[in-house]
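Remarks on the structure that follows.
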């Protein structure tokens, strides 16, 4: 999450177990389930949507 923040993304709201980050009118929901890691497919989808290298 720190990399998203550094890239200008802002935590807009928390809806259940999803954190919704926004930037320039675009919103990307990111699931947060305790300490469980995100799957490879989901991680690459988030990277593609945000343009931020997360791994």
List pairs: first in the stretch 32-55 and free of Cβ contacts under 8 Å to residues at least 12 places away in the same chain, second surrounded by 10 or more Cβ atoms within 10 Å (Cβ to Cβ) and assigned to a loop (DSSP other than H, G, I, E, B), Cβ under 7 Å, 6+ apart or cross-chain? 47/54
For the stretch 28-44, what are the residues that are outside any loop (DSSP other than H, G, I, E, B), touching a strand residue (DSSP E or B) at 6+ places or on another chain (Cβ under 9 Å) and over 16 Å from residue 6 (Cα atoms)? 29, 30, 31, 42
If the Cβ limit is 8 Å and pairs must be 6+ apart or interchain, which residue in the stretch 5-29 that is free of Cβ contacts under 8 Å to residues at least 12 places away in the same chain pairs with which residue that is assigned to a loop (DSSP other than H, G, I, E, B)? 11/1
Among the residues of the stretch 1-17 satisfying the criterion of being surrounded by 12 or more Cβ atoms within 10 Å (Cβ to Cβ) and out of contact with any strand residue (DSSP E or B) (no Cβ under 7 Å at 6 or more places or on another chain), which is nearest to residue 54 (Cα to Cα)? 3
Among (1) assigned to a loop (DSSP other than H, G, I, E, B); (2) surrounded by 12 or more Cβ atoms within 10 Å (Cβ to Cβ), which single condition is residue 55 missing? (2)
For the stretch 25-38, how many residues meet the condition of being at pLDDT 95 or above and more than 10 Å from the chain's Cα centre (by Cα)? 2
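The values are calculated or read from the model by the stated rules, or taken from the named source; none is laboratory data. Quick caveat, the model's predicted, so the values are computed rather than measured. In this analysis, Cβ positions are derived from the backbone assuming ideal geometry, glycine residues included, and neighbour counts consider all displayed protein chains.
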